[in-house]
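Step one of this worksheet: look at the structure below.
The values are calculated or read from the model by the stated rules, or taken from the named source; none is laboratory data. Just so it is clear, the structure is predicted and the values come from calculations on it, not from any experiment. Cβ placement follows ideal geometry from the backbone for every residue including glycine, while neighbour counts extend to all protein chains displayed. Surface areas here come from the heavy atoms of the whole protein model, side chains and all, with no ligands, DNA or RNA. Shrake-Rupley method; radii C 1.70, N 1.55, O 1.52, S 1.80 Å.
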Amino acid sequence: MKDFIAIDFETANRNRYSVCSVGMVFVENDKIVDSIYSLIDPEEPFDPMNISVHGILPTDVEGAPTFNTFYQSIQHHLENRLIIAHNLAFDGYVLRDSLARYNLMPVPSKLLCSYQLSRRLIEGIGSYSLKSVCDHFEIDIINHHHALSDAQACAEIVLNLSREYELFNLDDVFSKTNIKAGEISPGYYRSSLVSSSKKRKREIS
């Protein structure tokens, strides 16, 4: 894919709508051209377990925008774009649930998961975590579990996958991985999914 937005959320607690930071990396014509990072006031208590992962404290988000304020300020950047997260099963539902919490209508976007792509395309690695796939492609994660750092890593993973496996568009993704892009739009959400086709990856590559 030549044009997409890599995204990563961190949350304050187990609630998926408790966003406390967000990172976005914008890719155009195969190049990273811009990024956005913001702390978010989750309006929720922080769980010590979450703090131990991302290191964000309640005092850090004092004065930060709430999710609804942040989303309304950047939604025009997301409209009709492809959004990719390394674990869409988490980040996609964080986005969906956070929008629902504030009764916000999402702008229409397509959704993909770089974790799913990596599992379908890369052979011979024991784990498809963000760190493991970065190690495979020799990508340095400067600060793992920092939302912008992880979004940057996701973007670089997708760029590497796109070049190595010639994924120029969503049709290429489906033909080579059986992954159908998800979608978010007003009143609708569907995560990306792997087709139930019995064809093995090497038969459709």
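The fraction of accessible area contributed by carbon and sulfur in the stretch 55-168 is 48 percent, rounded to a whole number (1.4 Å probe; ligands and nucleic acids excluded). Among the GluC sites (Glu not before Pro) within the stretch 32-104, those in coil by DSSP and having at most 13 neighbouring Cβ atoms inside 10 Å are Glu62, Glu79.
Near Cys154, once Lys and Arg are set to +1 and Asp and Glu to -1 for all other residues with Cβ below 11 Å from its Cβ, the sum equals -4.
For Ser21, the residues whose modelled amide H falls within less than 5 Å of its own, excluding neighbours fewer than 5 places apart on the same chain, are Glu10, Ile40.
Taking square-rooted eigenvalues a ≥ b ≥ c of the alpha carbon gyration tensor, is the stretch 102-189 rounded, prolate or oblate, where a/c under 1.5 means rounded and, failing that, a/b exceeding b/c means prolate? Because a/c hits 1.5 or more and a/b fails to exceed b/c, the stretch 102-189 counts as oblate.
Annotation for the stretch 97-201: GluC sites (Glu not before Pro) lying in DSSP loop with at most 16 further Cβ atoms inside 10 Å of their Cβ are Glu123, Glu138, Glu166.
Remark: the chain carries 49 Å² of accessible area per residue (probe radius 1.4 Å; ligands, DNA and RNA excluded). If one puts a single equal scatterer on every Cα of the stretch 48-166 and applies the Debye formula without solvent, what log₁₀ I(q)/I(0) results at q = 0.09, 0.15, 0.18, 0.19 Å⁻¹? Summing over Cα pairs of the stretch 48-166 leads to -0.30, -0.81, -1.09, -1.17.
Expressed as a rounded percentage, what relative contact order does the stretch 1-127 have, with Cα pairs under 8 Å and six or more residues apart?
Values: 217 pairs, mean separation 31.6, N = 127.
Reported as a whole number, the value is 25 percent.
A DSSP coil position with no more than 14 other Cβ atoms inside 10 Å describes the following chymotrypsin sites (Phe, Trp or Tyr not before Pro) in the stretch 117-170: Phe168. Amide H contacts of Leu82 (H built 1.01 Å from N, in plane; Pro and chain starts excluded): Ile5, Lys110 sit under 5 Å, all sequence-distant by 5 or more or on other chains. Computed 3J(HN,Hα) for the stretch 103-117, one whole-Hz value per residue from the Karplus formula 6.51 cos²θ - 1.76 cosθ + 1.60 where θ = phi - 60°, is 6, 9, 8, x, 6, x, 8, 8, 10, 9, 10, 6, 5, 4, 4, glycine and proline marked x.
In plain terms, the chain is cut at each of the trypsin sites (Lys or Arg not before Pro) found in a DSSP loop with at most 10 other Cβ atoms within 10 Å, and the longest leftover piece is 15-197.
Classify the chain as rounded, prolate or oblate, taking a ≥ b ≥ c as the square roots of the eigenvalues of its Cα gyration tensor: rounded when a/c is under 1.5, otherwise prolate if a/b is larger than b/c and oblate if not.
Numbers: a/c = 1.84, a/b = 1.50, b/c = 1.23.
It comes out prolate by the Cα gyration axes.
Only aspartates and glutamates eight or more places from Lys180 in sequence, or on another chain, were considered; those with a Cα closer than 16 Å are Asp171, Asp172.
Taking the alpha-carbon centroid of each part, what is the distance from the stretch 121-160 to the stretch 27-90 in angstrom? What the calculation gives is 18 Å, centre to centre.
So if I take the alpha carbon set of the stretch 1-56, get Rg, then get Rh from the Kirkwood formula, what is the Rg over Rh ratio? Working shown, then result.
On the way: Rg = 13.7 Å, Rh = 12.3 Å.
Using Cα coordinates only, the ratio equals 1.11.
Between Met49, Met24, Met105, the Gaussian network model of the chain with springs among Cα atoms under 10 angstrom shows the greatest mean-square fluctuation at Met49. Couplings 3J(HN,Hα) for the stretch 141-150, derived from phi with the Karplus relation 6.51 cos²θ - 1.76 cosθ + 1.60 (θ = phi - 60°), are 9, 5, 8, 4, 6, 8, 4, 6, 4, 5 Hz, where x marks Gly and Pro.
3J(HN,Hα) along the stretch 16-26: 5, 8, 8, 4, 10, 7, 9, x, 9, 10, 9 Hz, from the Karplus curve 6.51 cos²θ - 1.76 cosθ + 1.60 with θ = phi - 60°, whole Hz, x for Gly and Pro.
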